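Colleague: This structure is in structure tokens; I'll ask about it shortly.
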Amino acid sequence: MERIKQALEKARAQAGSNTQHVQPGPRRAAPATLQPAAPPLGDGGIDVNYTQTQVVTLDPVHLERQRIVAFSKTNPNNWAFDVLRTQILQKMDEKGWRTLAITSPTAESGKTVIAINLAISVAHHTQRTAMLVDFDLRRPRVGSYLGVRKTPSLNEVLAGTAPVAEALINPDLPRLVVLPTNEPVQRAAEVLTSAPVASLVSDLRERYQDRTVIFDLPPMMAGDDVMAILPRMDAVLMVVGNGNSTQREIEESMRHIPAGQLLGVVLNKADAEVRRGYEYGYGNA
Ligand SMILES: Nc1ncnc2c1ncn2[C@@H]1O[C@H](COP(=O)(O)OP(=O)(O)OP(=O)(O)O)[C@@H](O)[C@H]1O
Ligand SMILES: [Mg+2]
């Protein structure tokens, strides 16, 4: 555990040294629902003409079983995501960042659980719109954790058989929009570097000033997917699951994050002793 602490300290120093203190600009009121769109993308891009988003009802019992606690305003574990959300939004505002990639060195670290809780927390407790995009094309789990499955999803959007508008869902929470992926995608890294995906990411980022877009990614050591998409992201949040990654894997992953992009490190699944000194696990507070 000492070695993991050292790796996290390094990561924290790396992220901290990249912090600039810029006064956040004024905020506009967030739209309660997605607004009518600008014209669809040309040049073979993905059509992101959002006109209506399907509303789906979530099951609170299923969510709690999946550790999605931010949905319930009374869950005692909410505080951790409130703290995380506040720290993350402050940093993103400082830099004018709107897209956040969530990754980890290795699998099963808790990325998807954190990505969903964070998106819900932003939508629940701020006046912003949060969008959560399942970009883990190898092991997509956002839909199953939320307990929703709807076709078309991002699969059909990537295949060019459905517009994004039809794949989006609004999980009966104002200001939360989810773009789930139903099935694993072949050649995920290739897909993530494609021109249509580049257009999609930039459109999701540019369309609304008050939207925070969270991308749930695969682990860094699983392939080239994360490296392929990171240049398109504003910021990266690294999730390290206690006992899930070795020091070498953590350090190797950190090396691949472009300078200035690392927003912070979340130490997940940690007991109280490990957490002490890590500001509730957020390594870059
Ligand atoms: N803080 C936590 N404490 C205990 N278990 C947790 C915690 N966070 C997540 N888990 C559990 O760990 C498992 C993996 O979580 P999750 O799917 O979010 O990880 P992941 O990093 O997205 O995995 P993958 O690499 O497969 O995408 C799940 O069973 C989840 O419920
Ligand atoms: Mg996951």
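Colleague: Of the residues Glu183, Glu156, Glu206, only one is free of Cβ contacts under 8 Å to residues at least 60 places away in the same chain, closer than 22 Å to Ile114 by Cα and among the acidic types (Asp, Glu); which? Reasoning before the result, please.
Modeller: Numbers: Glu156 fails: closer than 22 Å to Ile114 by Cα; Glu206 fails: closer than 22 Å to Ile114 by Cα.
Of the residues listed, the single one that is free of Cβ contacts under 8 Å to residues at least 60 places away in the same chain, closer than 22 Å to Ile114 by Cα and among the acidic types (Asp, Glu) is Glu183.
Okay, residues lined up against (1) over 30 Å from Gln186 (Cβ atoms); (2) more than 13 Å from ligand 2 (Cβ to nearest atom):
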site	(1), (2)
Asn77	yes, yes
Thr86	yes, yes
Thr99	no, yes
Thr112	no, no
Ala119	no, yes
His124	yes, yes
Gln127	yes, yes
Asp134	no, no
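Okay, residues lined up against (1) within 16 Å of ligand 1 (Cβ to nearest atom); (2) buried (at least 21 other Cβ atoms within 10 Å of the Cβ); (3) basic (Lys, Arg):
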site	(1), (2), (3)
Glu94	no, no, no
Ser104	yes, yes, no
Ile114	yes, yes, no
Ala119	yes, yes, no
Thr126	no, no, no
Arg138	yes, no, yes
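Colleague: Hey, another quick one. Might you check whether a residue that is at pLDDT below 95, surrounded by fewer than 17 Cβ atoms within 10 Å (Cβ to Cβ) and aromatic (Phe, Trp, Tyr) occurs anywhere in the range 277-285?
Modeller: Yes; the residues of the range 277-285 include at least one that is at pLDDT below 95, surrounded by fewer than 17 Cβ atoms within 10 Å (Cβ to Cβ) and aromatic (Phe, Trp, Tyr).
Colleague: Taking the conditions exactly as written (over 17 Å from the mean Cα position of the chain (by Cα), at pLDDT 95 or above and surrounded by fewer than 16 Cβ atoms within 10 Å (Cβ to Cβ)), does Arg248 satisfy them or not?
Modeller: yes
Colleague: Could you say which residue among Thr212, Thr161, Thr181 is among the hydroxyl-bearing types (Ser, Thr, Tyr), more than 16 Å from ligand 1 (Cβ to nearest atom) and in contact with a strand residue (DSSP E or B) (Cβ under 6 Å, 6 or more places away or on another chain)?
Modeller: Values: Thr161 fails: in contact with a strand residue (DSSP E or B) (Cβ under 6 Å, 6 or more places away or on another chain); Thr181 fails: more than 16 Å from ligand 1 (Cβ to nearest atom).
Result: Thr212 is the single residue among Thr212, Thr161, Thr181 that is among the hydroxyl-bearing types (Ser, Thr, Tyr), more than 16 Å from ligand 1 (Cβ to nearest atom) and in contact with a strand residue (DSSP E or B) (Cβ under 6 Å, 6 or more places away or on another chain).
Colleague: Any idea which residue in the range 203-224 is nearest to ligand 2 (Cβ to nearest atom), counting only those that are within 15 Å of the chain's Cα centre (by Cα) and either over 15 Å from Ile257 (Cβ atoms) or at pLDDT below 95 (or both)? Let's see the steps before the verdict.
Modeller: First, the residues of the range 203-224 that are within 15 Å of the chain's Cα centre (by Cα): 204-205, 211-220.
Still in the running and either over 15 Å from Ile257 (Cβ atoms) or at pLDDT below 95 (or both): 204-205, 211-214, 216.
Numbers: Leu204: 19, Arg205: 22, Arg211: 22, Thr212: 19, Val213: 17, Ile214: 12, Asp216: 6 Å.
Looking at residues that are within 15 Å of the chain's Cα centre (by Cα) and either over 15 Å from Ile257 (Cβ atoms) or at pLDDT below 95 (or both), I get Asp216.
Colleague: Which residue, of Pro184, Pro152, Pro140, Pro174, is over 20 Å from Trp97 (Cα atoms), in contact with a His (Cβ under 9 Å, 6 or more places away or on another chain) and assigned to a loop (DSSP other than H, G, I, E, B)? Walk me through how you get there before you give the answer.
Modeller: Values: Pro184 fails: in contact with a His (Cβ under 9 Å, 6 or more places away or on another chain); Pro152 fails: in contact with a His (Cβ under 9 Å, 6 or more places away or on another chain); Pro140 fails: in contact with a His (Cβ under 9 Å, 6 or more places away or on another chain).
Checking each option against the conditions leaves just Pro174.
Colleague: Which condition does Arg149 not pass, out of (1) within 16 Å of ligand 1 (Cβ to nearest atom); (2) touching a Gly at 6+ places or on another chain (Cβ under 8 Å); (3) among the charged types (D, E, K, R); (4) farther than 19 Å from Arg211 by Cβ, if it passes all the others?
Modeller: Every listed condition holds for Arg149 apart from (1).
The values are calculated or read from the model by the stated rules, or taken from the named source; none is laboratory data. The structure presented is a predicted model; accordingly, all values stated were derived computationally and were not measured. Cβ coordinates were reconstructed from backbone atoms using ideal geometry, including for glycine residues, and neighbour counts include every protein chain displayed.
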